[in-house]
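The values are calculated or read from the model by the stated rules, or taken from the named source; none is laboratory data. The structure presented is a predicted model; accordingly, all values stated were derived computationally and were not measured. Quick reminder, even Gly has a Cβ in these numbers, built from the backbone with ideal geometry, and neighbours come from all protein chains shown.
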Amino acid sequence: MADNTSDIKLNADSFKPVAANNVDEQEKISAPSLTFFQDAIRRLRKNKAAVFSFWLLAIIILISIVSIWWTPSDPNAQHVAYANLPPKIANGSIPGFTGKANVGGNIVDKYAAAKVPKGTYYVLGTDYLGRDLFSRLMKGVALSLLIGLLATLFDLVIGVPYGIISGWKGGKTDTIMQRIIEIISSIPNLVVVILMLLLFTPGLGSIVVAMGITGWITMARLVRAETLTLKTQEYILAARTLGESPLRIALKHLIPNLSSTIIIQTMFSIPTAIFFEAFLSFIGIGIPAPNASLGTLLSDGQKTFRFLPYQMWYPAAVISIIMIAFNLLADGLRDAFDPKTQE
Amino acid sequence: MEKILEVKDLQIDFDTFAGSVKAIRNVDFHLNKGETLAIVGESGSGKSVTVRSIMGLLANNAQVTSGSIDFKGRDILKLSNREIEKIRGNDISMIFQDPMTSLDPTMPIGKQVAEPLLIHGSMSKKKAMARAEEVLELVGITNAKNRMKDYPHQFSGGQRQRIVIAIAIVNYPEILIADEPTTALDVTIQAQIIDLMKELQNKIETSIIFITHDLGVVAGIADRVAVMYAGKIIEYGSVDEIFYNPQHPYTWGLLNSMPTLDTDSDRLYAIPGTPPNLLNPPKGDAFAPRNPYAMAIDYEAMPPFFKISDTHYAATWLLHPDAPKTEPPVAIKKRQAEFQRLVAEGKINQPEYEEEGGVKDDAE
Amino acid sequence: MMQNNPQPQERKKLVEVKHLKQYFNAGRRNEVKAIDDISFEIYEGETFGLVGESGSGKSTTGRSIIRLYTPTSGEIEFNGTDISKIKHKDMLQFRREMQMIFQDPYASLNPRMKVKDIIAEGLDIHHLVKNEAERDARVNELLDLVGLSHDHATRYPHEFSGGQRQRIGIARALAVEPRFIIADEPISALDVSIQAQVVNLLRDIQKEQNLTYLFIAHDLSMVKYISDRIAVMHNGRLMELSSADEVYNHPLHPYTKSLLSAVPLPDPFYERNRHRKGYDDRIETDGQLRSLKEIVPGHFVLATEEEVAGYQAAAEEYHLDD
Ligand SMILES: Nc1ncnc2c1ncn2[C@@H]1O[C@H](COP(=O)(O)OP(=O)(O)OP(=O)(O)O)[C@@H](O)[C@H]1O
Ligand SMILES: Nc1ncnc2c1ncn2[C@@H]1O[C@H](COP(=O)(O)OP(=O)(O)OP(=O)(O)O)[C@@H](O)[C@H]1O
Ligand SMILES: [Mg+2]
Ligand SMILES: [Mg+2]
């Protein structure tokens, strides 16, 4: 209250009335205009873990794309003579990548023992058939990501429209569609896969079909719940009173407002799908030999884990990194999109 | 009168992406024992932030850059979290705006009302439940004994707000802060809640800080009123002084823009424009750009408080002795005439004015 | 504002609601009789106020009139045609003539759309503009009308204050040049000082474009100010209907009296001496058949045949006082 006003110079002009400002001037918005997405991305950027995950995944995806055309060596080519070679880089001066292994208490240069020509080395070693593990890992990751991509596709093509229709129509349609979802989700995934295996041969095909049957359920549920609340929002009512058709309402109003839910859920369903494939391959009903996937690599590595741990370490590390990165990114996205955490 | 709470020179900024929001700018006020102080002002003027700072409930990005809040000889702003928690819900409690979200839908109401007692006191569970029942009766939940086990959704909106009040007063707090407790309610229920709060104040002798932007409600409940604009208190005084003899052009605008039942003119008075952006608060009087009475000085310097009576102060350059005499809007003049009449008829007291040379004196 | 005794015969009825009932979850355990047999007319060019407490069925009434809901029974006529019988091809035209302004300035604008696209939504649906340039010009015109500046067009709703958002909602409704606007509590979420801006705007455009309003609110002083006639609603039924002044100065139904006695006024002396009148709803729930009866010309009250005489006596007393 005790504003010190002695330093204010008052003069005759001080008390001259000033015409009120232009109202337009006052209503000007000075802050930069950010769309919802720009704002969300700004918030995402602040989340170090999510940003790091994002770039990590970007690199992994890039490498996988490269692997479609190029791998250091043919991932399925067998060199029985070069079986079970440990990892080695260049001249073997990097610890852990020396090409030497502990055999019965003695450090042995396995590369020399197998008479591998100088200049040939395997970054992550070879498996029991002498196949280059690095190339196989590249292929495996690519396959896992492909499965993730297909899972996204099912989420978007089946889950999203299913949820929107169910939520928007409401009433009987909704009841029936929800019963169908309940029935599907009450059957364990594994049972579905085994049923698939009875019909098809094991392989990418049956995994994909199994995912197609069950993978989109969570997405459909989330989208339906969100649609139910969006549908009573006044801007949707306003669109209806203006005469907008349901299809256009879905495209113009629902999907943009569902987009954050959809993006976040995809980020969660990709690792789920990857893990699902790995699990199936691991127990031997997934991708058939000789093709590599993260699951088959783990399964093969596990058999010799006690003696040749590197064969399992690297695929295990990679799958863990992918899973964690997707989850961290999804968490980050959720926080970024959720207005409640807005500062 | 005994001061129970005194806020001095409070200044709170919020760090945001766009910069630092100067939400509270040098706010001073005090609360007397047993009175109801209403804080009114536009959305975003800083009412909630002010009272949240008293409760120690500021958001993480808030920064108290100066000031003190004296309560019982201690500065709340300097207390540790543990110490504040002891005060919160015990000596000072708060009622929030939305009765739907302040109750736990999964807990019977009796337990919810008793909870503050169990957290703070060493009271036995049985005793706490007995007190809860008593307080539920007090706030007008009929048949409280049998309804203690009911869940929030089994009550109407008005009853739920009563339960929220019951939780807030179960410890017989010395200060009750109500942040727009009736905004979400109907006029009929609103009137009941206001009557209830007045009645409670008599019974348990708490002091109340009541936040609202409804001037009708203020007229009904307040002893004193503080008007906030853009993070500052711009006028404060007794309820009669603010309603019948307002001095700040913003208070004029607020009172003027409410239609009374006999407003017949073709247009309502509307304060033009929107409040300033608190990222860069203006140098002078923040209200100047919307003020039809603005003077050159308003854009230059922040007006100090000028004294109108012992209890009534307003921060506007119009009160400066050198300022030209201004005629307030017709509706305000009507109010002033009404004031004279009521004072003459002895229905309200003439505010006292005592010359003083203290800090609150005007500028020169 | 209007004279005390409206002469309905001379004025054109724009909206006619006849024995409208709107039940939710009809026939099930959780049935809600949101509207239970109401009838009223809205004349061309007037503002018809609808007041009542939360849950009394005000919004439902508005939404039934604009065909967001299908009535359980009863009829709604707009401009002489029964709206439930409008053919699909005429529906678009109906959507142009009747528009709605919503309560919640935060929920009524799509957060992902730019202001200009929000305002132009109706223009696009009804093909009222031929090209982008014309569209922009029309949007600017509408922004001018509601007192917003042209550079607001490319901004997003979250950048605006409540009052500004409400004005955007009004511009969206006006874009299709409606004749009748349902305003569902357009100001109750706004600050007092901003309420006046919006109310003035609504009145100005009403005069300019000869609009008819159904104005829904629970703030009785604002309704009194803006409305020509007022209906008081409670539990899905109309309690009283008359000119604004009649309802305020000469309320007859006990519910109206109770509601009026609860309105807080910005006058401490009045407030200190205010006596709230309680309301005993047995008058609605005693099982007797009641309908709106004309007590004095233009003043209707929900009553039984027997109660009419009592209300008439009360009305007479008022008029002796004047
Ligand atoms: N956590 C925060 N981060 C940034 N700014 C904030 C935060 N909390 C409040 N503010 C800003 O502080 C100012 C005062 O907010 P406050 O909630 O006190 O307003 P209010 O007067 O209570 O308004 P209302 O009537 O809408 O409740 C506003 O400009 C608001 O945007
Ligand atoms: N879609 C719905 N399904 C079921 N019940 C509904 C639905 N919409 C409204 N109701 C119920 O109908 C009644 C009337 O609701 P309505 O929204 O018309 O009230 P209102 O007078 O507009 O109240 P408010 O002032 O709170 O907006 C309420 O009891 C409400 O719960
Ligand atoms: Mg607040
Ligand atoms: Mg409503």
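If you filter the stretch B:35-77 down to residues that are in a strand (DSSP E or B) and within 17 Å of B:Gln97 (Cβ to Cβ), you find that the one that is nearest to ligand 1 (Cβ to nearest atom) is B:Gly41.
Conditions first: (1) at the interface with chain C (Cβ under 10 Å from one of its Cβ atoms); (2) modelled with pLDDT under 85. B:Ile204 passes all but one, so which condition is the exception? Status for B:Ile204: all satisfied but (1). Does the stretch B:284-303 contain any residue that is surrounded by fewer than 23 Cβ atoms within 10 Å (Cβ to Cβ), on the phi < 0 side of the Ramachandran plot, in a strand (DSSP E or B) and at pLDDT 90 or above? No. How about the stretch C:99-131: which of its residues are more than 7 Å from every other protein chain (Cβ to nearest Cβ), β-branched (Val, Ile, Thr) and part of a helix (DSSP H, G or I)? Passing the criteria: C:Val115, C:Ile118, C:Ile119. Taking A:Ala210, is it crowded, with 20+ Cβ neighbours inside 10 Å, among the aliphatic types (A, V, I, L, M), under 28 Å from A:Leu143 (Cα atoms) and at pLDDT 85 or above? The answer is no for A:Ala210. Picking from B:Val27, B:Val64, which residue would you name as being in contact with an Asp or Glu (Cβ under 8 Å, 6 or more places away or on another chain), touching a residue at least 24 places away in the same chain (Cβ under 8 Å) and away from ligand 2 (no atom under 16 Å from the Cβ)? Residue meeting the stated conditions: B:Val27.
Against the test of being in contact with a strand residue (DSSP E or B) (Cβ under 9 Å, 6 or more places away or on another chain) and under 23 Å from B:Leu255 (Cβ atoms), the options C:Ser227, C:Ser193, C:Ser221 yield a single qualifying residue, C:Ser227. Any chance the stretch B:42-56 includes a residue that's over 17 Å from the mean Cα position of the chain (by Cα), farther than 15 Å from B:Val27 by Cβ and in the same structural domain as B:Ser207 (by TED's automatic domain parsing)? Among the residues of the stretch B:42-56, not one is over 17 Å from the mean Cα position of the chain (by Cα), farther than 15 Å from B:Val27 by Cβ and in the same structural domain as B:Ser207 (by TED's automatic domain parsing), which makes the answer no. Residue-level analysis places C:Arg67 among those that are assigned to a loop (DSSP other than H, G, I, E, B), within 18 Å of the chain's Cα centre (by Cα) and more than 16 Å from ligand 4 (Cβ to nearest atom). Filtering the stretch A:59-96 to residues that are polar (S, T, N, Q), outside any helix (DSSP H, G or I) and farther than 17 Å from A:Ala112 by Cα leaves A:Thr71, A:Ser73, A:Asn76, A:Gln78. Within the bounds of the stretch B:93-108, is there any residue that is assigned by TED's automatic domain parsing to the domain that holds B:Met148, in contact with a Gly (Cβ under 9 Å, 6 or more places away or on another chain) and among the hydrophobic types (A, V, I, L, M, F, W, C)? Among the residues of the stretch B:93-108, at least one is assigned by TED's automatic domain parsing to the domain that holds B:Met148, in contact with a Gly (Cβ under 9 Å, 6 or more places away or on another chain) and among the hydrophobic types (A, V, I, L, M, F, W, C), which makes the answer yes.
When B:Ser48 is tested against (1) away from ligand 3 (no atom under 16 Å from the Cβ); (2) in contact with an Asp or Glu (Cβ under 6 Å, 6 or more places away or on another chain), just one condition goes unmet, and that condition is (1). Of the residues contained in the stretch C:56-63, none is found to be touching a Ser or Thr at 6+ places or on another chain (Cβ under 7 Å) and more than 11 Å from chain A (Cβ to nearest Cβ). If you go through the stretch A:176-208 and keep only what is polar (S, T, N, Q) and farther than 21 Å from A:Gly295 by Cα, you end up with A:Gln178, A:Ser185, A:Ser186.
What do you reckon, is B:Gln112 in the same structural domain as B:Thr182 (by TED's automatic domain parsing) and either touching a Ser or Thr at 6+ places or on another chain (Cβ under 9 Å) or under 18 Å from B:Ser207 (Cα atoms) (or both)? The answer is no for B:Gln112. When you look at B:Thr260, is it within 14 Å of chain C (Cβ to nearest Cβ), within 26 Å of C:Gln197 (Cα to Cα) and modelled with pLDDT under 90, yes or no? Answer is yes for this residue.
Would it be correct to say that A:Pro246 is within 11 Å of chain C (Cβ to nearest Cβ) and on the phi < 0 side of the Ramachandran plot? Criteria not met by A:Pro246.
B:Thr106: more than 16 Å from ligand 4 (Cβ to nearest atom), surrounded by fewer than 14 Cβ atoms within 10 Å (Cβ to Cβ) and of a type in the set (Val, Ile, Thr), yes or no? If you could, list the steps in order and put the result at the bottom.
Details: more than 16 Å from ligand 4 (Cβ to nearest atom): yes; surrounded by fewer than 14 Cβ atoms within 10 Å (Cβ to Cβ): yes; of a type in the set (Val, Ile, Thr): yes.
Considered against the rule, which asks whether it is more than 16 Å from ligand 4 (Cβ to nearest atom), surrounded by fewer than 14 Cβ atoms within 10 Å (Cβ to Cβ) and of a type in the set (Val, Ile, Thr), B:Thr106 comes out as yes.
All of B:Pro328, B:Pro321 fail the test of being surrounded by 12 or more Cβ atoms within 10 Å (Cβ to Cβ) and at pLDDT 85 or above, apart from B:Pro328. Report yes if A:Leu133 is aliphatic (A, V, I, L, M), at negative phi, buried (at least 20 other Cβ atoms within 10 Å of the Cβ) and modelled with pLDDT under 80, otherwise no. No, not satisfied.
Scanning the stretch B:173-187 for residues that are more than 12 Å from the chain's Cα centre (by Cα) and either part of a loop (DSSP other than H, G, I, E, B) or within 12 Å of ligand 3 (Cβ to nearest atom) (or both) returns B:Pro173, B:Glu174, B:Thr182, B:Thr183, B:Ala184, B:Leu185, B:Asp186. Just so you know, in the stretch C:70-86 the residues that are surrounded by fewer than 19 Cβ atoms within 10 Å (Cβ to Cβ) and within 14 Å of chain A (Cβ to nearest Cβ) include one that is nearest to ligand 4 (Cβ to nearest atom), and it is C:Thr70.
Could you check, for the stretch B:24-34, whether at least one of its residues is within 20 Å of the chain's Cα centre (by Cα), within 9 Å of ligand 1 (Cβ to nearest atom) and within 14 Å of another protein chain (Cβ to nearest Cβ)? No, because not a single residue in the stretch B:24-34 is within 20 Å of the chain's Cα centre (by Cα), within 9 Å of ligand 1 (Cβ to nearest atom) and within 14 Å of another protein chain (Cβ to nearest Cβ).
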